[in-house]
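Inspection log for the structure reproduced underneath, given as C-alpha cells.
Each value in this text was obtained by applying a stated rule to the coordinates, not by laboratory testing. Model, not experiment: these values are computed from the prediction. Quick reminder, even Gly has a Cβ in these numbers, built from the backbone with ideal geometry, and neighbours come from all protein chains shown.
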Amino acid sequence: MQTMASFVIKPTHLRCVVRTGRLLSEYRTRKTLFSERSYSTEGDSRIPKIYTKTGDKGFSSTFTGERRPKEDHVFEALGNTDELSSAIGLAREFCLDKGHTFTYQLDKIQCVLQDVGSNIATPQSSARESHIKRTKFTVQPIADLESWIDTFTEELPPLTNFILPSGGKSSAALHVARTVCRRAERSVAPIVRSGEADPDVAKFLNRLSDYLFTLARYAALKENKEETIYRRPE
C-alpha cells in the first residue's frame, strides 16, 4: 500500500478508490490475496468471490499476520476508521451536489485514512522492518489539514455561540463525519499509548475532527444556510 510519503493528490488526479470493510484484515504474509480466495464455478473460474470464510470463527489477521479476535482493539479502531471514511464519502456527495470546490480535499483525506488503517493494522510488537517501512505514517497530512483549517477560518465569522449540527445537508453530513472521527480518535488513543501505532496517526485524527467542524461551517456559509445556535430550553 502506498503511503503519503510518495502519494500526493492534486485536484486533477483521479479519486483514490477506498476499500470498504476489513481494512487490511485479509492480507497475509505468506500468500497472496488471490491464492486465498475461493473461486467461482466452472465457466467463471477467474473471478474471485468476495467472501473468504477465514473470519467465520471470529478471528481476523493484522497486517503482520497475527490472528486476533475480531473484538480486539486493533479491529475496533480499523472499523471506526473505515466508518469515518464512509461518512466522509457521503458528505462529499452532498458537497459535490452543491458544487463545492474543496471536495478534492475529502478525496485526499479518504486516501490518507487508508494509510491510517495500514499503520493501525501493523502492531509494532509483531512488525518486521519491512512492515514498518511500508506502513510508516508521515506528518505531511497533518500540515495539510492545518493549512486548510486556517484558510477556511479566514472567511468564517467569529464563533461566539455553541452551534448545533445544522446548516444544510452538506454541513450536517460533515458534522456526522466529525463525530465519527472523534470516536475513531478515542479508539486509536490506547493503541498509540501502548506503542503499537504511530503517534502521528492520533494527531491526524485529532486535527481531522477540527477540519471537519470548520468545513461544516464553511459549507453552510457558502450555501447561505443558517446554523442553529444552542439555546437553553426554558
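Do you know the relative contact order of the stretch 117-234, to the nearest whole percent, from alpha carbon pairs under 8 angstrom that are 6+ apart?
40 percent
What FRET efficiency comes out for the pair Thr228/Ala143, r = Cβ-Cβ distance, R0 = 35 Å, nearest 0.05?
The computed FRET efficiency comes out at 0.60.
If you add up the charges near Arg207, with Lys and Arg at +1 and Asp and Glu at -1, over every other residue whose beta carbon is less than 13 angstrom from its beta carbon, what do you get?
-3
Multiply the residue gap between Asn161 and Val176 by 0.36 nm, knock off their C-alpha separation, and tell me the result in nm, one decimal place.
Here the segment from Asn161 to Val176 would lengthen by 3.5 nm.
What are the ³J(HN,Hα) values, in whole Hz, obtained from phi via the Karplus relation 6.51 cos²θ - 1.76 cosθ + 1.60 with θ = phi - 60°, for each residue of the stretch 157-166 in sequence order, with x given for Gly and Pro?
Along the stretch 157-166, the couplings run x, x, 8, 10, 9, 6, 9, 9, x, 5 Hz.
Could you work out the local net charge near Ala216, counting Lys and Arg as +1, Asp and Glu as -1, over the other residues with Cβ closer than 9 Å to its Cβ?
Net charge in that neighbourhood comes out at +1.
Please work out whether the stretch 45-99 counts as rounded, prolate or oblate from its C-alpha gyration tensor, where a ≥ b ≥ c are the square roots of the eigenvalues and a/c under 1.5 means rounded, while otherwise a/b larger than b/c means prolate and anything else oblate?
Because a/c hits 1.5 or more and a/b fails to exceed b/c, the stretch 45-99 counts as oblate.
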